[in-house]
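Here is the structure we will look at, set down as structure tokens.
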Amino acid sequence: MIQFDQVSLRRGGRVLFQKASMQIHPGWKVGLTGVNGAGKSTLFAALLGELGADEGSLTRPSGWTVAHMAQEVKALDMPALDFVLSGDEEYWQIQKQLAQPEQLSDSELAQLHGRFDEIHGYSAPSKAAQLMAGLGFMEHQLRLDVSSFSGGWRMRLNLARTLMSRSDLLLLDEPTNHLDLDAILWLEDWLNAYEGTLILISHDRDFLDAVTDHILHIENQELTLYTGNYSTFEVTRSERLAQQQQAFEKQVEARAHLQKFIDRFKAKATKARQAQSRIKQLEKMQLLAPAHVDTPFTFSFREPTKMSSPLLTLDQAEIGYPGKSIASKISLQITPSSRIGLLGMNGAGKSTLIKSLVGDLALLNGQRKASELLNIGYFAQHQMDALDAQASPMLQLSRLADKQISEATLRSFLGSFGFSGERMDTPCESFSGGERARLALALIVWQRPNVLILDEPTNHLDLDMRHALSMALQDFEGAVVLVSHERQLIASVCDDLLLVHAGRCTEFSGDLQDYAKWLREARQQQINAQTALAQASASTNKTAAPAKIDKEAQRKLAAQRREETRPLRKKIEQCESQIEKIQPRLASIEEQLADSSLYEASRKEDLLKLMNEQTSLKATLELAEETMLELMMELEELEQSFQES
């Protein structure tokens, strides 16, 4: 296990956390959270052995193999599949030795072949190909050089290489940043099946909820381990902060009372002894700190200057590139009230549709009709690359602003996006990914668009910023078209879901849980189709006619299978019952929170009580729904296995 014993870490003379003592046991899946700069990456470096603790000791089993996902991948002239295979260092080393058999004795060759068989080396290329397929790579890309891929796809390759390692400890830093939703769902399944110890840094709360069973949180120079996923952590932390604040307020009151007695009676001979006793009591009292919550990042979209309806229309549009059609017969109308989430598997055409809507990509057929008042705010990854690296945020904003706008107004606006006075005047070439994303977003907001088209806007943003973006989008008075791997953002912002699949763009009638189920089924169908094709090409014999099955045997078999699935069905019913109990109470709380009188100062305690109950119930509801979804998938897989057998 990993052992923290009074560990303190500093960076640049600044204390990140101190005197942390805890244990992380084998098989735990831990989410490492905290604001940017809290020390998450430094803690990873300590776990990797790249730096030691400033105080105390941090230890892990010496025999453990550690896999760590680096944040950069060089443009190597190396086939992508080989790059992924090199993640299994022992496999890669044996392969190199076996490639030069003339340099080995017969006994050495025998030993290498034996070990190669033990580590399943002969199936390693197949495993690597499956990892790459799960992360969205096509079969023809396996032999392309790493240098031929863009930065985002190299990060996917790096993730696949990391997962290829037969590790005991897996350290992942923002693994979902460059993934779309179907790849994230695949990764969730993979990590849930991973048997080693996992510690991951992520700002995707849905991902953390689906994968982790513990949260390691850095806050106020303290490292605290919580049991449960992220939603459970939020509830537990809020309760702990409330208790801490209550204890602090009581102590302030008690200290004031003691001090008042001391000040009043310490000069009186008859009360001197009692006063001295109170002084000693006051000195021994351990000072408590007030509860502290980091100030959340907030901003709002400026009201669009002008509006019309519809703002943008695609009529029987065919999208794609010259000589390559991606999707056709697309009819889509965007009005000021449109809130559209685009769904689809990797490569289905979501980004192509986005570019066609923006006007960056001409239609192959059909019409794109734009209102004269259309003002698109477009956020995509290349928007960050298009920033002037030599210019400061202040200079880039002033280029967009009218000359009569005061400098104070511009600085106040940038400040709402988390830029301090010093950073406002710093060239953005030195900015982190998160700062660049915030600046790109700020420049879009300033231009007061009436249609926001956002392609993965949360990459590089921390949890506070993601929450702020979600809240701002909910209040935005224009139209929104969103592609995001973050389910929480889609659910809170979008009213309509469109599915880009098999050359069409159609309305998706379910919710995101239905979409997750659809994705898994679609992926399984692809696997089944590929398997069937392989079997058909490998065999020229006709399939023999199925033998008749005795009806009594069929009945017994059906009864046996019902009995085997009974525990799962019972658990699903329990989840459904729990959900049915929670939903009416949540509806009741929402009705009460709509009462304006509840927000009067005299009813502060009632308001806090309702809000705490609402937070707790929502976390319980999400956990019950997620559990039920997993159970239903398990039941479907079990029933599918019955059919196949």
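The values are calculated or read from the model by the stated rules, or taken from the named source; none is laboratory data. Predicted model, so just to flag it, every value in this text is computed and none were measured. Glycine gets a Cβ as well: all are built from the backbone with ideal geometry, and neighbour counts include every protein chain shown.
State the number of residues belonging to the stretch 474-496 that are within 24 Å of GLU626 (Cβ to Cβ) and surrounded by fewer than 21 Cβ atoms within 10 Å (Cβ to Cβ).
6
For SER338, state whether it is among the hydroxyl-bearing types (Ser, Thr, Tyr) and in contact with a Ser or Thr (Cβ under 7 Å, 6 or more places away or on another chain).
No.
Sort out which residues of the stretch 380-403 are among the aliphatic types (A, V, I, L, M) and outside any helix (DSSP H, G or I), and write them in order of number.
Within the stretch 380-403, ALA380, ALA386, LEU387, ALA389, ALA391, ALA401 meet the criteria.
Checking ALA133 against (1) modelled with pLDDT of 85 or more; (2) over 28 Å from HIS178 (Cβ atoms), only one condition comes out false. Which one?
All conditions pass for ALA133, except number (2).
To keep it simple, each residue is scored yes or no on (1) at pLDDT 75 or above; (2) assigned to a helix (DSSP H, G or I); (3) closer than 18 Å to GLY344 by Cβ.
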{"residue": "CYS505", "(1), (2), (3)": "yes, no, yes"}
{"residue": "GLY510", "(1), (2), (3)": "yes, no, yes"}
{"residue": "TRP518", "(1), (2), (3)": "yes, yes, yes"}
{"residue": "ALA522", "(1), (2), (3)": "yes, yes, yes"}
{"residue": "ASN528", "(1), (2), (3)": "no, yes, no"}
{"residue": "THR531", "(1), (2), (3)": "no, yes, no"}
{"residue": "ALA534", "(1), (2), (3)": "no, yes, no"}
{"residue": "LYS542", "(1), (2), (3)": "no, no, no"}
{"residue": "ALA547", "(1), (2), (3)": "no, no, no"}
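Test SER8 against the criterion of being buried (at least 16 other Cβ atoms within 10 Å of the Cβ) and hydroxyl-bearing (Ser, Thr, Tyr), and give yes or no.
yes
Name every residue in the stretch 351-375 that is free of Cβ contacts under 8 Å to residues at least 40 places away in the same chain and basic (Lys, Arg), in order of residue number.
Selection gives LYS355 alone.
Of LEU170, LEU163, which residue is crowded, with 22+ Cβ neighbours inside 10 Å, touching a Leu at 6+ places or on another chain (Cβ under 6 Å) and not in a helix (DSSP H, G or I)?
Unique residue meeting the criteria: LEU170.
Of a type in the set (Ser, Thr, Tyr), at pLDDT 90 or above and in a loop (DSSP other than H, G, I, E, B), is that true of THR426?
Yes, satisfied.
Are any residues in the stretch 366-392 surrounded by 15 or more Cβ atoms within 10 Å (Cβ to Cβ) and among the polar types (S, T, N, Q), and if so, which ones?
SER371, ASN375, GLN381, GLN383, SER392
Would you check which residues across the stretch 355-379 are in contact with a Ser or Thr (Cβ under 9 Å, 6 or more places away or on another chain) and in a strand (DSSP E or B) and list them?
Result: ASN365, GLY366, GLN367, ARG368, LYS369, ALA370.
Residues that are over 25 Å from the mean Cα position of the chain (by Cα), on the phi < 0 side of the Ramachandran plot and in contact (Cβ under 8 Å) with a residue 40 or more places away in the chain: does the stretch 376-385 have at least one?
Yes, because at least one residue in the stretch 376-385 is over 25 Å from the mean Cα position of the chain (by Cα), on the phi < 0 side of the Ramachandran plot and in contact (Cβ under 8 Å) with a residue 40 or more places away in the chain.
Taking the conditions exactly as written (over 20 Å from ASP180 (Cβ atoms), touching a residue at least 40 places away in the same chain (Cβ under 8 Å) and in contact with a strand residue (DSSP E or B) (Cβ under 6 Å, 6 or more places away or on another chain)), does ILE334 satisfy them or not?
Yes, satisfied.
Could you pull out the residue among ARG466, ARG438, ARG504 that is closer than 23 Å to ILE201 by Cα and touching a residue at least 40 places away in the same chain (Cβ under 8 Å)?
ARG466
Restricting the stretch 108-149 to residues that are assigned to a helix (DSSP H, G or I) and among the acidic types (Asp, Glu), which is surrounded by the most Cβ atoms within 10 Å (Cβ to Cβ)?
Taking the candidates together, the pick is GLU108.
Just for strands (runs of 3 or more DSSP E) wholly inside the stretch 192-243: which have at least 1 residues that are of a type in the set (Asp, Glu)?
Per the criteria, 214-219, 222-227.
Have a look at LEU489, LEU439 and point out the one that is part of a helix (DSSP H, G or I), more than 25 Å from GLY347 (Cα to Cα) and either at pLDDT 90 or above or not assigned by TED's automatic domain parsing to the domain that holds LEU208 (or both).
Step by step, each of LEU489, LEU439 is checked, and only LEU439 is part of a helix (DSSP H, G or I), more than 25 Å from GLY347 (Cα to Cα) and either at pLDDT 90 or above or not assigned by TED's automatic domain parsing to the domain that holds LEU208 (or both).
When only residues in the stretch 203-230 that are buried (at least 20 other Cβ atoms within 10 Å of the Cβ) and modelled with pLDDT under 90 count, which is farthest from VAL7 (Cα to Cα)?
Among those that are buried (at least 20 other Cβ atoms within 10 Å of the Cβ) and modelled with pLDDT under 90, it is ASP206.
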